[in-house]
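Okay, structure first, notes after.
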Amino acid sequence: MTRSAEINPRGAKPTRITAGRIGLYAFLISAALFFTVPLYVMIVTSLKTMPEIRAARIFALPDHLDFSAWKVAWAGACAGAECAGIRAGFLNSVLITLPSVVISVLFGAINGYALSFWRPRGGNLMFGLLMAGALVPYQVFLYPLVRGFAALGLYNSLIGIVIVHVLFGLPLVTLLFRNYFVTIPEELFKASRLDGAGFWRIFLEIMLPMSVPMLVVAAMMQFTGIWNDFLLGLVFAGRDNLPMTVQLNNIVNTTTGERLYNVNMAATILTALVPLAIYFFSGRWFVRGIAAGAVKG
Amino acid sequence: MQTAVSIKDLKVSYGPTVVLQNLNLDIRPREFLVLLGSSGCGKSTLLNAIAGLNDVSDGEIWIEGKNVTWAEPKDRGIGMVFQSYALYPRMTVRKNLAFGLRVAGLPSDEVNTRVARAADMLHLTPLLDRKPAELSGGQRQRVAIGRALVREVDVFLFDEPLSNLDAKLRNELRVEIKKLHQDLGNTMIYVTHDQVEAMTLADRIAIMKDGVIQQLAPPSEIYHRPANLFVAGFIGAPSMNFIEGRVIKTDAGFDFETGDTRFSLDGYHGAPVEGPATLGFRPEHLCLEGISGPELNGTVAVVEPMGADTVVWFDWHKQNFSLRLMGDSGFTPGAAIQVGIDLSKASLFGADGTAL
């Protein structure tokens with residue numbers, strides 16, 4: 001007699017814990033720990049006083065909540081001779097990131113729209129070059145760009161750094177939008193042309209409202225990329241416009257006397273807070289947009 | 001002759017691939033013309049060229065007496081309905097209908113009047129404030145038709161408008177489109193690969209293959225007097241039966257010979273020519289009783305009852321033939337069957353495939 005004859009299957013299949021399930025959960029939990037443990041250490045360290053830190057129990061909770069390190073990090077930490085915290089860097093980062101994101105996403109969307117629907121002569125070649133440009137490590141462009149910007153008088157200025165970010169962001173954003181727009185049925189474009197709409201009206205009234213998920217994805221990718229950028233900010237922004245990342249580095253690497261680990265941790269968290277918050281609050285949109293770009297219809 | 005749409009020596013090519021060449025077509029005012037063909041035959045390319053959505057390489061396109069070869073789609077006086085509906089997903093039905101008029105800069109009360117009229121005609125009034133995603137397939141296609149309607153143009157273009165719908169809705173909308181044509185009296189050019197749509201809707205059908213119009217004629221002529229073998233085989237389901245053989249001239253007239261069978265072609269309407277030929281006859285042009293012409297003695301292979309009629313497939317000289325009978329049939333597979341060909345309704349094709 002076979003087993004299947006003994007048990008008569010009926011209704012929902014019973015779930016069973018298998019070795020595979022256990023392995024899967026073990027992997028997921030360890031992956032989660034891998035990312036949360038450093039965060040935990042940073043947060044508790046930032047809330048401790050220096051004597052507590054010297055006790056070298058990095059996993060222990062602080063004796064009492066002490067936010068003084070956060071205040072110092074924000075407004076009083078020293079980077080070299082200046083002791084103004086990363087407050088100024090925060091403002092610079094906002095001033096650099098916002099226009100860069102808006103301009104690069106908008107231009108990328110226009111590029112992608114023009115490439116997928118209007119198919120200008122040489123469009124494929126231009127797209128190929130743009131992609132090739134995205135593959136070349138951008139360190140290669142640094143020197144020529146510095147010379148070029150210096151000649152144009154844009155070096156060490158806010159406008160200069162925004163232009164640099166827009167230039168380096170365009171290939172990826174264009175690719176995103178091109179791939180999104182090619183999934184939109186061409187008949188929609190034809191219908192709007194029959195209705196008499198031109199290049200800009202089709203873009204603004206038909207295509208842009210349809211690409212909200214992709215706009216969110218592109219904006220988030222550009223935002224985190226530009227906010228987290230260090231090298232370009234260091235090279236192109238100039239002393240007065242140094243972004244938060246550069247200022248963080250200056251604070252952490254300033255060694256006069258004791259290393260203030262609690263201040264360093266607080267400053268680091270403050271710097272990472274904005275992109276972290278963005279992912280936290282719009283992760284759903286992000287996934288939806290990625291899926292919208294990948295799957296047709 | 002007055003024409004609504006006139007195509008002169010049209011050539012369309014995508015890079016090195018020539019899709020249409022030297023195509024000439026005149027469409028009469030208020031005519032319902034169907035472009036019929038399998039995919040890749042150039043019928044959609046032709047429609048897009050008329051709409052101005054494809055660039056033409058050579059030739060002229062005239063609509064309502066104007067040469068529109070270089071005109072923008074919106075200036076050609078046409079409305080178009082697409083297979084995928086192509087509704088603007090972020091706009092309500094009302095805004096979908098009004099978009100083109102708004103772009104054209106019409107005053108808003110004129111826009112509202114036209115939208116209301118079109119919505120009324122297509123039974124869309126209760127749906128005006130819905131988004132396309134909240135509509136069924138049939139409703140979406142009606143909105144797409146409405147979008148062409150509000151333009152109040154003389155020529156409507158349909159690009160396989162019913163292909164995305166299920167069979168029942170397709171039949172319903174087909175009737176609606178025919179009614180719309182009767183009410184409006186516009187010129188309509190309709191692309192499809194569905195021969196039932198073509199037969200039922202068209203005043204004239206243009207059957208296309210490889211970018212060439214094979215035959216341009218009213219449906220009944222296409223069906224009963226196909227111009228060549230391709231048209232004969234394309235139209236009709238089950239398709240026309242064919243026997244290959246040769247025509248031989250005799251003292252009394254012409255004979256058709258295939259294998260060891262030979263019969264007279266007396267009663268055939270055309271003008272046979274000596275040489276290799278193909279005899280074609282439709283399943284319903286075979287008879288069981290009152291046989292006067294050639295006779296086929298075969299064996300029943302398969303019986304397909306369809307309710308209103310029955311298709312009997314039988315073998316004759318190792319070839320498969322179909323016979324359509326009204327109502328039910330008493331045949332069972334393996335039974336002997338004797339049928340006669342009604343030569344007055346048959347077609348004869350010469351060696352090059354054209355009708356004799």
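The values are calculated or read from the model by the stated rules, or taken from the named source; none is laboratory data. Model, not experiment: these values are computed from the prediction. Here the Cβ positions follow ideal geometry from the backbone for every residue, glycine too, while neighbour counts run over all protein chains shown.
Taken over the range B:32-70, the criterion of being within 14 Å of chain A (Cβ to nearest Cβ) and of a type in the set (A, V, I, L, M) is satisfied by B:47, B:49, B:50, B:51, B:53, B:63, B:68. Number of residues in the range B:289-300 that are of a type outside the set (Val, Ile, Thr), loosely packed, with under 15 Cβ neighbours inside 10 Å and assigned to a strand (DSSP E or B) equals 2. The number of residues in the range A:146-185 being assigned to a helix (DSSP H, G or I), closer than 26 Å to residue A:220 by Cα and not polar (S, T, N, Q) comes to 22.
Take residue B:94 and decide whether it is in contact (Cβ under 8 Å) with a residue 12 or more places away in the chain, charged (D, E, K, R) and over 23 Å from residue B:160 (Cα atoms). For residue B:94, the condition - in contact (Cβ under 8 Å) with a residue 12 or more places away in the chain, charged (D, E, K, R) and over 23 Å from residue B:160 (Cα atoms) - is met. Does residue B:113 satisfy the condition of being more than 9 Å from every other protein chain (Cβ to nearest Cβ), out of contact with any helix residue (DSSP H, G or I) (no Cβ under 9 Å at 6 or more places or on another chain), among the polar types (S, T, N, Q) and without any contact (Cβ under 8 Å) to a residue 24 or more places away in the chain? Answer is yes for this residue. Among the residues of this structure, residue A:98 counts as one that is without any contact (Cβ under 8 Å) to a residue 60 or more places away in the chain and not in a loop (DSSP other than H, G, I, E, B). In the set (1) over 17 Å from residue B:12 (Cβ atoms); (2) within 12 Å of another protein chain (Cβ to nearest Cβ); (3) at pLDDT 90 or above; (4) under 28 Å from the mean Cα position of the chain (by Cα), the condition left unmet by residue B:73 is number (1). Within the range B:327-352, the only residue that satisfies the criterion of being acidic (Asp, Glu) and over 26 Å from residue B:307 (Cβ atoms) is B:352.
For the range B:307-327, a residue qualifies if it is exposed (fewer than 15 other Cβ atoms within 10 Å of the Cβ) and touching a Phe, Trp or Tyr at 6+ places or on another chain (Cβ under 7 Å), and exactly one does: B:320. Scanning the range B:102-124 for residues being under 32 Å from the mean Cα position of the chain (by Cα) and either in a helix (DSSP H, G or I) or of a type in the set (Asp, Glu) (or both) gives a total of 7. Out of curiosity, is residue A:242 more than 15 Å from residue A:108 (Cα to Cα), within 18 Å of the chain's Cα centre (by Cα) and more than 13 Å from chain B (Cβ to nearest Cβ)? Here the answer is no, as residue A:242 does not meet what is asked.
Residues in the range A:180-194: is at least one more than 13 Å from chain B (Cβ to nearest Cβ), in contact with a Phe, Trp or Tyr (Cβ under 7 Å, 6 or more places away or on another chain) and either surrounded by 13 or more Cβ atoms within 10 Å (Cβ to Cβ) or more than 23 Å from residue B:86 (Cα to Cα) (or both)?
The answer is yes; a qualifying residue exists.
Is there a residue being surrounded by 14 or more Cβ atoms within 10 Å (Cβ to Cβ), outside any helix (DSSP H, G or I) and over 24 Å from the mean Cα position of the chain (by Cα) anywhere in the range A:106-123? For the range A:106-123, residues surrounded by 14 or more Cβ atoms within 10 Å (Cβ to Cβ), outside any helix (DSSP H, G or I) and over 24 Å from the mean Cα position of the chain (by Cα): absent.
Take the conditions part of a helix (DSSP H, G or I) and surrounded by fewer than 20 Cβ atoms within 10 Å (Cβ to Cβ) and apply them to residue B:98. Does it pass? Judged against the criteria, residue B:98 is not a match.
Within the range A:231-256, the set of residues being more than 14 Å from residue A:77 (Cα to Cα) and surrounded by fewer than 18 Cβ atoms within 10 Å (Cβ to Cβ) comprises A:231, A:234, A:238, A:239, A:240. Selection of the range A:139-156 for residues being of a type in the set (Phe, Trp, Tyr), touching a residue at least 60 places away in the same chain (Cβ under 8 Å) and surrounded by fewer than 18 Cβ atoms within 10 Å (Cβ to Cβ) yields an empty set. Looking across the range B:82-100, the residues that are of a type in the set (A, V, I, L, M, F, W, C) and at the interface with another protein chain (Cβ under 9 Å from one of its Cβ atoms) come down to B:82, B:86, B:87, B:91, B:99.
With respect to residue A:262, is the statement that it is surrounded by fewer than 18 Cβ atoms within 10 Å (Cβ to Cβ) and more than 14 Å from every other protein chain (Cβ to nearest Cβ) true?
So residue A:262 does not fit the description; no.
Mind listing whichever residues of the range B:127-143 are part of a helix (DSSP H, G or I) and crowded, with 16+ Cβ neighbours inside 10 Å? Across the range B:127-143, the qualifying residues are B:127, B:132, B:138, B:139, B:140, B:141, B:142, B:143. Going by the structure shown, is residue A:202 β-branched (Val, Ile, Thr), more than 16 Å from the chain's Cα centre (by Cα) and within 14 Å of chain B (Cβ to nearest Cβ)? Criteria met by residue A:202.
Here residue A:159 fits the description: exposed (fewer than 15 other Cβ atoms within 10 Å of the Cβ), under 26 Å from residue A:92 (Cβ atoms), assigned by TED's automatic domain parsing to the domain that holds residue A:106 and not small (Gly, Ala, Ser). Just checking, does the range B:151-159 include any residue being surrounded by fewer than 16 Cβ atoms within 10 Å (Cβ to Cβ), in contact (Cβ under 8 Å) with a residue 12 or more places away in the chain and closer than 30 Å to residue B:36 by Cα? Within the range B:151-159, one or more residues are surrounded by fewer than 16 Cβ atoms within 10 Å (Cβ to Cβ), in contact (Cβ under 8 Å) with a residue 12 or more places away in the chain and closer than 30 Å to residue B:36 by Cα.
No other residue among B:327, B:290 is closer than 22 Å to residue B:256 by Cα and modelled with pLDDT under 90 apart from B:290. When residue A:174 is tested against the conditions (1) of a type in the set (Ser, Thr, Tyr); (2) at pLDDT below 90; (3) closer than 25 Å to residue A:126 by Cα, the lone failure is (2).
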